[in-house]
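Q: Got a structure for you, written out below as structure tokens; questions coming shortly.
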Amino acid sequence: MAATLGPGATRRLLKRLRDTMAAGGSAQQRLDKIVKVIAGELIAEVCSVYVVRAGQVLELFATEGLKPEAVHKTRLRVGEGIVGEIAENARPLALADAQSHPNFAFRPETGEEIFHSMLGVPILRSGRAIGVVAIQNRTFREYADEEVEALQTVAMVLAELVASGELVSADEMLRTEDAGLVASERIEGQKLNEGIAIGIVVLHQPRVSVRQMVADDPAAEKKRLREAAAGMRTDIDRIFADAGLEEGDERWEILETYRMFAEDRGWFSRIADAIDTGLTAEAAVQRVQEDNRARLALVSDPYIRERITDFDDLANRLVRHLTGDRTAAADADLPDDIVLVARNLGPAELLEYDRRKLKGVALEEGSSTSHVAIIAHALDLPMVGHAAGLLSRAEPGDPVIVDALGGQIILRPREDVRDTFAVALRARQERRAGYAALKDLPAVTRDGTPISLNMNAGLVLDLEHLGDSGADGIGLYRTEIPFMIRSTMPDVVEQTDLYRRILDRAENRPVVFRTLDIGGDKVLPYLDVSTQENPAMGVRAIRLTLDRPAILREQVRGLLRAAGGRRLDIMFPMVAEVAEFDAAKELLEIEIAREAKRGRALPDPIRIGVMLEVPSLYWQLQQLLKRVDFVSVGSNDLMQFFFASDRGNPDMADRYDPLSPGMLSFLRAIARDCDAAQTQLTLCGDMASRPLEAMALLGIGYRRLSMPFPAIGPVKAMVRALDLPPLAKYLDEICRLADHSVRKKLGDFARDHNIPV
Ligand code: PEP
Ligand code: MG
């Protein structure tokens, strides 16, 4: 029999379901009634509801037509039998002759042998099956598409009941091994800030839960849909306008795709069809989205799969417009161990969360230079980005591991995996506690050489770690970072205020302020630097501020005022020749004279230094050393220009080694010249933060290092175990080798001498 079922019939069915749901009684009683209603309305002899329980088992929870004694007894593993297959694939299955299906699993206690046809659909929650609703008929019935759709709509209403936690406790649904169909998933990403976090998924933009599922007036619902769609489009246009993007920018392309989808007629007409079946506009959007996901998930083309997330995002936006629910997760009641999951996050958004609860961040997009990564760094928050498909797979409440050492996110980890990471996390915490115990001990080598360990900073937030880290001071304050997370250029007053706060927080410890190092990978949205073929070698840092002296002068003015009466250490980045240093110093002197003329208290002393990060400067080092109070080696840029190897290109990351005889010899030559001139020398690039590299630096003559605060403990532990003279001698030998790297040799040296690296 090929029964047909128009939207009118589905509407009636939905209305009856709503009445049943509202009638009161226990969830089980309501479910018992619901299966009767469905069977009656869909002209089926059987209607059964299975719910996913602990251990990936589907349990028969209610039935009309099968033997009642089978309820709560009949169980199928996910993947087992037709019902198990529907759950596993999260796809409907309509079979005129179910018993001849290869996956048919006969359960004698149900008495189902007399029913031949079967239509089952998954009960979905964000694309994942949490149960199955099935109808059966004695005849070999061919179920029509409309019937499949009607049952899918019913399943949506049932999803609310199942997910309510009244049938199976929410706790059981969430527990790792009980996550029903939800197998553990590993998503590869990029580590944006190191560490390990174990916690619970909190979606930054929570999916809105639709409470009102059924509506009587389709015309009114369609009007609401039109209005919400218009609101959503306005929002998207505003995003375009705010971002000020141009064609060719890849973000523009992403947004353009969005705009295209937001106009998708097919999408809207399917939503309108779903409204015709008696759903509210918001329920219809969700219904179509579940369907979209199920369909697109089967497609292997990665581009199309990516689009699931776009549609998810749009559907979410649309539902938000419809329900008027615009709250972000930060305002909600949250668990104690949050792992924040988002497509992308702005720095301010991240700061809205309670730091004590926030354990880690997982992003679908994001990059290591993104602002949110800078903040995560300052907050010491493990963060993985570039995790494709994360949003469509993570569900609020899912247990999750952010492995920002290995660059992966593990959703719903298996017990043993979780245990392994918990052990690693504990070991990390214990190591840190061990380093914290070193905080007040001096950084002196075993042969009595004092080493100055300093920290790098960029935000006021960073200064919170200054005391705990045991650092002597701030060896590198990257002034561009506060500029980068703002939307407008700070004026002199704002800058003065900021630098003053930094100095106040540092108490009496010295802070080396580096003037703006903009350009390359550091972009200011409000400063127009024309597109350059090769920005790392283009108009950046001191070049840019010498071209636009007003920027440098204002910054220097802010620094002079902030440090009035106190010590000021100021240094210029990316200086390639002495003439550039002279030009920058001249601007500084103009400002000093200007401040003095106005009777303002000047800093005392004012120490002027330079970053050595462009190899050419080494060939004017003698002339430079006569002019500066200190030199700081920026090994990140120095390495990139020394080897002509882009520091931001992951394919180049391991090609050359800073622990190569060439690079070490170069660094040693700089150290020797500074030593001979008795000029203070620091190394403030990433090299200083790794104990083995730091050990090598001490061996070639460096006595001051500056690094991110988490590195200070491990480096200090290395320093205190080190006997310098034999290392210096050994380095002299191995710097002469023709090897690609002396990393292994230095590692062996450390092991042989019990130096923790
Ligand atoms: C460097 O280049 O090593 C350095 C410290 O500067 P930045 O990383 O900010 O370019
Ligand atoms: Mg640099």
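Q: So how do 228-237, 270-279, 676-685, 435-444 stack up, highest first, on mean other-Cβ count within 10 Å?
A: 270-279, 676-685, 228-237, 435-444
Q: Further question: Roughly how many nanometres apart are two label points built 7 Å out from the Cα toward the Cβ at ALA54 and THR139?
A: If labels sit at ALA54 and THR139, their model points lie 4.4 nm apart.
Q: Using helices alone, I'd like the mean residue ellipticity at 222 nm for the chain: each DSSP H run of four-plus residues gives -39500 (n - 2.57), total over residue count, nearest 500.
A: -13500 deg cm²/dmol
Q: Among VAL610, VAL575, PHE268, pick out the residue whose Cα is farthest towards the positive end of the charge dipole of the chain, where Lys and Arg carry +1 and Asp and Glu carry -1 on C-beta, about the Cα centre.
A: Farthest towards the positive end: VAL610.
Q: Could you list which residues have their amide H under 5 Å from that of GLN680, counting only those 5 or more apart in sequence or on another chain, with H placed in the peptide plane?
A: Under 5 Å from the amide H of GLN680 lie the amide H atoms of VAL631, each far enough along the sequence or on another chain.
Q: Something else: Amide H to amide H, which residues 5 or more places from GLN408 or on other chains are under 5 Å from it, using H placed in the peptide plane?
A: GLY189, ASP403
Q: Sticking with this one: Once you order the gyration tensor axes a ≥ b ≥ c over the Cα atoms, which shape class does the chain get: rounded for a/c under 1.5, otherwise prolate or oblate by comparing a/b with b/c?
A: prolate
Q: Here is a follow-up. Within the range 386-410, which residues have the backbone N less than 16 Å from the label spot 7 Å out from ASP654 along Cα→beta-carbon, could you tell me?
A: 405-408
Q: On to the next question. Would you kindly calculate the mean projected area, averaged across all directions, of the convex hull enclosing the Cα atoms of the range 342-457, in square nanometres?
A: 9.4 nm²
Q: Something else now. For ASN636 and ASP19 in one chain, what is 0.36 nm times their gap in residues minus the Cα-Cα distance, to one decimal in nm?
A: 215.4 nm
Q: What is the calculated FRET efficiency for ASP237 to ASN754, with r their C-beta to C-beta distance and R₀ = 41 Å, to the nearest 0.05?
A: Result of the calculation: an efficiency of 0.05.
Q: Between GLU430 and ARG548, what is the label-point separation in nm under the 7 Å Cα-to-beta-carbon projection?
A: Result for the modelled spin labels: 5.2 nm.
Q: Still on this structure, please answer the following. Once you list every other residue whose beta carbon is under 14 Å from the beta carbon of ASN508, what net charge do they have if Lys and Arg are +1 and Asp and Glu are -1?
A: Neighbour charge sum, excluding ASN508 itself: -1.
Q: Taking a 25 Å limit on the Cα-Cα distance, which of the listed pairs LYS439/LYS744; LYS191/LYS745; LYS33/LYS73 fall beyond it?
A: Flagged as over cut-off: LYS439/LYS744; LYS191/LYS745.
Q: Over the range 602-685, what is the relative contact order in whole percent, taking alpha-carbon pairs under 8 Å and six or more residues apart?
A: Reported relative contact order: 35 percent.
Q: Determine the order of MET484, MET537 by accessible area, beginning with the largest, at a probe radius of 1.4 Å.
A: MET537, MET484
Q: Mind checking the full-extension length gain between GLU577 and SER100? Use 0.36 nm per residue of separation minus the Cα-Cα distance, one decimal, nm.
A: Length gained between GLU577 and SER100: 163.4 nm.
Q: Can you pull the Kirkwood radius for the range 466-588, inverse mean 1/r over Cα pairs, to one decimal in Å?
A: 15.1 Å
Q: Now a separate question. Taking the Cβ-Cβ separation of VAL423 and ASP336 as r and a Förster radius of 25 Å, what is the calculated FRET efficiency to the nearest 0.05?
A: Once rounded, the FRET efficiency stands at 0.75.
Q: Let me ask another. What FRET efficiency would be calculated for the residue pair ASP739, GLN623, taking the C-beta separation as r and a Förster radius of 41 Å, to the nearest 0.05?
A: FRET efficiency, ASP739 to GLN623: 0.75.
Q: So for the pair ASP504, GLU586, with labels modelled 7 Å out along Cα→Cβ, what separation do we get in nm?
A: Output for this residue pair reads 3.7 nm.
Q: Mind pulling the per residue volume of the convex hull built on the Cα atoms of the range 37-160? Å³ is fine.
A: Cα convex hull per residue, to the nearest whole number: 93 Å³.
Q: Run through the DSSP bridge list for the chain and note the antiparallel percent, rounded to the nearest 5.
A: 55 percent
Q: Per residue, what accessible area does the range 491-605 have, given a 1.4 Å probe and all protein chains present, in Å²?
A: 46 Å²
Q: Each residue of the range 696-712 in order: what ³J(HN,Hα) in whole Hz does its phi give by Karplus 6.51 cos²θ - 1.76 cosθ + 1.60, θ = phi - 60°, with x for Gly and Pro?
A: 4, 4, 5, x, 9, x, 7, 10, 10, 10, 9, 8, x, 4, x, 7, 4
Q: Per-residue HN-Hα couplings for the range 622-633, Karplus 6.51 cos²θ - 1.76 cosθ + 1.60 at θ = phi - 60°, whole Hz, x for Gly and Pro?
A: Each residue of the range 622-633 in turn: 4, 5, 5, 4, 6, 9, 10, 8, 7, 10, 10, 7 Hz.
Q: Ignoring ligands and nucleic acids, what accessible area does LYS359 show with a 1.4 Å probe (Å², nearest 10)?
A: 80 Å²
Q: Just to make sure I understand: if all protein chains stay in place, what is the order of VAL417, VAL578 by accessible area at 1.4 Å, largest first?
A: Result of the area sort, largest leading: VAL417, VAL578.
The values are calculated or read from the model by the stated rules, or taken from the named source; none is laboratory data. The model shown is predicted, which means the values in this text are computed figures rather than measured ones. Note that each Cβ is placed from the backbone with ideal geometry, even for glycine, and that neighbours are counted across all protein chains shown. We work out accessible area using only protein heavy atoms, side chains counted, and drop any ligands, DNA or RNA first. Shrake-Rupley method; radii C 1.70, N 1.55, O 1.52, S 1.80 Å.
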